[in-house]
1. Across segment 193-243, which residue is nearest to Gly431 (Cα to Cα) among those that are among the aliphatic types (A, V, I, L, M) and in contact with a strand residue (DSSP E or B) (Cβ under 7 Å, 6 or more places away or on another chain)?
2. Which strands (runs of 3 or more DSSP E) sit wholly inside segment 1-67 and have at least 3 residues that are free of Cβ contacts under 8 Å to residues at least 60 places away in the same chain and among the aliphatic types (A, V, I, L, M)?
3. For segment 308-327, what are the residues that are more than 21 Å from Thr360 (Cβ to Cβ) and charged (D, E, K, R)?
4. Taking the condition of being in contact with a Gly (Cβ under 7 Å, 6 or more places away or on another chain) and charged (D, E, K, R), how many residues in segment 296-318 meet it?
5. Which of the residues that make up segment 93-110 are small (Gly, Ala, Ser) and either out of contact with any helix residue (DSSP H, G or I) (no Cβ under 7 Å at 6 or more places or on another chain) or surrounded by 17 or more Cβ atoms within 10 Å (Cβ to Cβ) (or both)?
6. From the list Arg116, Arg104, exactly one residue is at pLDDT 95 or above, in a strand (DSSP E or B) and of a type outside the set (A, V, I, L, M). Which is it?
7. Any chance segment 189-202 includes a residue that's closer than 28 Å to Glu52 by Cβ and either under 23 Å from the mean Cα position of the chain (by Cα) or outside the structural domain of Thr15 (by TED's automatic domain parsing) (or both)?
8. Could you tell me which residue of segment 318-367 is farthest from Asp163 (Cα to Cα), considering only residues that are basic (Lys, Arg) and in contact with a Ser or Thr (Cβ under 8 Å, 6 or more places away or on another chain)?
Amino acid sequence: MKLTLIGTGYVGLVTGACFAEVGHNVLCVDNNKDKVAQLKAGKIPIFEPGLEDLVKNNVAAGRLAFTDSTAEGVAHGEVIFIAVPTPPQPDGSVDLTYIEAVAREIAQQLQPGQYRVIVDKSTVPVKTGEKVTETINRYSAEGCIFDVVSNPEFLREGCAIADLMQPDRIVIGSRSQRATDLMKAIYEPFHAPTYITDINSAELIKHAANSFLALKISYINAVAAICEASGANVDEVADGMGADKRIGRAFLNAGLGYGGSCFPKDIKAFIHIADELGTPFHLLKEVEKINAGQLDRFLQKIKNKLWVLKNKTFGVLGLAFKGDTDDVRSSVAIELCRRLLAEGASLRVTDPQALEKAQTELGHDPRITYCANPEEVFDRVEAVILATEWKQFRNLPWKQLKDKMIAPLIFDGRNLLDHHSLREMGYDYTGIGRP
């Protein structure tokens, strides 16, 4: 099928490449001419494992192309996916400016008698589909035929291609059988369970799912605090809990808390949506509070060991908000660096993919040394902090690196490392919820 993706950010680019991989003819549209030129030249603006090869292979096969023309996109695709940013506003609500602008542009390019399905792929508040329908009706010519569908994405950065190619489920919110049949045909090659709902329910599914995952993270972090107070081990508690099929082990990893471009924004948005509907979501407000407190508790652990942080140098392993991505948006690791700098500390930092983007966030403060090699982080530091769960950090030559440090202090903010072996090597190890 001929498909159009409007927006070549994380969701749009990955989705477009995967649609092309299963045989669809995909045109990706972006109003950033420089970005389109880069994509045409084979330069991928984000790091996602496997994405560069996927894009290049499908461009070479003639199934994936890029343009800055919305008119060309509307003419190309019988189904048009909107995958533009939905950033948060100061009050926690979602800024739908980009959604409205794209809906208006699509409306102005629709041709009478030409049927199109307009799909909200971006994460949007419930009832956005109704507003998109109203906007297209308002700005389109008489005789234009279209349907609006909600099709939320459930991609995790770092494993987004696998999430799209082998999805847990496909959610299609639609009030039209014609549109539903087209959406089913698009996703047929993915062989996934498909849930057909009304549009409002589909929009709520995305916010409800992300909020529940954030709840699991905050729950296990709250349990970790109890483990520390009682001498229990949060890893063993999580394993025992997760063995229950009703609970599951995923997202029960104690750490510095959630971050990134989705969870913080989506939780705030869902809280705001609930407040607007007159049904305050007090549980999610507590989830936010626990998450915000995790970094405070972690910094206090560092102070408990080192007393004064001013004029001390810390090594920081990891700057992206999670492993296998270069995304530093709302990264807890970046916020940790800012808090340490505010205390008067100096930093030696590294990340396998996010070093350049981290420099943009943290700036060229003379107290920060950006290290291309993680082993450089250990040079004459008071302590090393593991802030992002990159798997390669597990395999560093920890025994040899200890001698490069002023003191062999490790603060593991992701419980990634083998604390037993590190202690046997002579490290003073502190994790989260671990004795």
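1. The extreme case among them is Ile205.
2. 25-29
3. Lys310, Lys312
4. Residues meeting the conditions: 1.
5. Ala101, Ala103, Ala107
6. Sole residue among the options that is at pLDDT 95 or above, in a strand (DSSP E or B) and of a type outside the set (A, V, I, L, M): Arg116.
7. yes
8. Step by step, filter segment 318-367, then rank; the result is Arg367.
The values are calculated or read from the model by the stated rules, or taken from the named source; none is laboratory data. Since the model is a prediction, treat every value here as computed from it, not as a measurement. A quick note on method: Cβ atoms are made from the backbone with ideal geometry, for glycine too, and the neighbour counts reach across all protein chains shown.
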